[in-house]
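The values are calculated or read from the model by the stated rules, or taken from the named source; none is laboratory data. Treat the numbers as computed from the prediction; the structure is a model and nothing was measured. Cβ: placed from backbone, ideal geometry, glycine included. Neighbour counts: every protein chain shown. Just so you know, the surface numbers come from the protein's heavy atoms only, side chains and all, with ligands and any DNA or RNA stripped out. Shrake-Rupley method; radii C 1.70, N 1.55, O 1.52, S 1.80 Å.
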Amino acid sequence: MRTVQFELMRPEEFLEARAAFPVAYLPLGPLEWHGPHMPFGTDGLDAQAIARSTAERIGGVVFPTLFCGTECARNAQTLQRMGFEDENLYVVGMDVPDNSVPSCYFPEEAYGMILKEHLRVMRRLGFRLIVVVNAHGADGQLASGTRIARELTQEGRGAILFLHAFQPLDAQDESLGHANISETSMQMYLNPESVRLSALPDRDEKIATYKYGIADSLLFKGRGNPEHTVEHDPRDATAERGQRYIERDVDYTIEQTLKAYNAL
């Protein structure tokens, strides 16, 4: 195949790809603050790379990335974990007060409607399976996406699989997070020109979540440190580590896609 991207295909190329493997992929992620050193489209760009690599290996058609996502206001417990003393502070997602630019979050109901209509349009093209390759870990994003996938699958005319594609390297890997070493490494591998580590503070300053909007996943699980700082430091990121994450995520997406397809 000349391309796996739907927007670049001619009709006969699309029909050939669909006949060979009737699976479509929708990369998904918000335009969101990822620290001062990373592009806003980090999640969607990760999902896009994973979806394209998956299709290149096993077949299928990749649709344009849907840069859409949702987040909620942090509760008092999470605000405390992030390092804020005021439990009534209004912080949505990773939009901490010191950020220079806000994220483009959608309300959960709007995100759900946008996603559902994209999937309905895709389903009219005759795929047996549509895989949503999501790289944003917000609870609302995951719950709504999973629910919509189940609802549309029950309607018939093709199954929908909603995947959280961002996976740890192995059972011992606890370095996942938001704009920390994991996501920074992935963008250094995929889009090195869009990462600028020099925008982060000097090494003698620890990166506080409440100040920079960067966090380890462990923080949200209540296992962060008392200083509310990032332990898996983005300043230690490497393209080589990012390649390992992308390859792991592609393997996971292939595994889950084939499992769902073979069960149809």
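State which residue is nearest to R123 (Cα to Cα) when the search covers only region 18-48 and only residues that are open to solvent by less than 20 Å² (accessible area, probe 1.4 Å) and of a type in the set (G, A, S).
Looking at the filtered set, the residue picked out is A24.
Quick one: is A263 small (G, A, S), open to solvent by less than 70 Å² (accessible area, probe 1.4 Å) and at pLDDT 95 or above? Even if it seems obvious, please write down each step before you answer.
Numbers: small (G, A, S): yes; open to solvent by less than 70 Å² (accessible area, probe 1.4 Å): no; at pLDDT 95 or above: yes.
When the stated conditions are applied, A263 does not pass them.
Please go through region 109-121 and pick out each residue that is in contact (Cβ under 8 Å) with a residue 12 or more places away in the chain and over 20 Å from the mean Cα position of the chain (by Cα).
Listed by number, the list holds a single entry, R120.
R235 is checked against (1) open to solvent by 50 Å² or more (accessible area, probe 1.4 Å); (2) modelled with pLDDT of 95 or more; (3) of a type outside the set (V, I, T) and fails just one. What number does that condition carry?
(1)
Which count do you get for residues in region 218-264 that are assigned to a loop (DSSP other than H, G, I, E, B), among the aliphatic types (A, V, I, L, M), in contact with a strand residue (DSSP E or B) (Cβ under 8 Å, 6 or more places away or on another chain) and over 22 Å from G60 (Cβ atoms)?
Of the residues in that region, 1 qualify.
For A135, are the conditions met, namely being on the phi > 0 side of the Ramachandran plot and open to solvent by less than 10 Å² (accessible area, probe 1.4 Å)?
no
Take the residues in region 73-108 that are of a type in the set (D, E) and without any contact (Cβ under 8 Å) to a residue 12 or more places away in the chain; name whichever of them is least open to solvent (accessible area, probe 1.4 Å).
Checking each candidate, the answer is D86.
Tally up the residues in region 90-102 that are in contact with a strand residue (DSSP E or B) (Cβ under 9 Å, 6 or more places away or on another chain) and over 12 Å from C72 (Cα atoms), please.
Matching residues across region 90-102 total 1.
A quick yes/no check of all residues on (1) of a type in the set (V, I, T); (2) open to solvent by 50 Å² or more (accessible area, probe 1.4 Å); (3) at pLDDT below 95; (4) within 30 Å of N262 (Cα to Cα):
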position: L152; (1), (2), (3), (4): no, no, no, yes
position: V195; (1), (2), (3), (4): yes, no, no, no
position: S198; (1), (2), (3), (4): no, yes, no, no
position: P201; (1), (2), (3), (4): no, no, no, no
position: K206; (1), (2), (3), (4): no, yes, no, no
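Yes or no, residue by residue, for (1) of a type in the set (K, R); (2) assigned to a loop (DSSP other than H, G, I, E, B):
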| residue | (1), (2) |
| --- | --- |
| R120 | yes, no |
| V133 | no, no |
| A143 | no, no |
| T146 | no, no |
| T153 | no, no |
| R157 | yes, yes |
| S198 | no, no |
| K206 | yes, yes |
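May I ask you to list the residues in region 1-32 that are assigned to a helix (DSSP H, G or I) and within 30 Å of P102 (Cβ to Cβ)?
Correct list: E7 only.
If Y111 meets every condition in (1) in a loop (DSSP other than H, G, I, E, B); (2) of a type in the set (S, T, Y); (3) surrounded by 24 or more Cβ atoms within 10 Å (Cβ to Cβ) apart from one, which number is that one?
For Y111, the exception is condition (1).
Does E56 meet the test of being under 21 Å from the mean Cα position of the chain (by Cα), within 22 Å of Y245 (Cα to Cα), surrounded by 14 or more Cβ atoms within 10 Å (Cβ to Cβ) and of a type outside the set (A, V, I, L, M)?
yes
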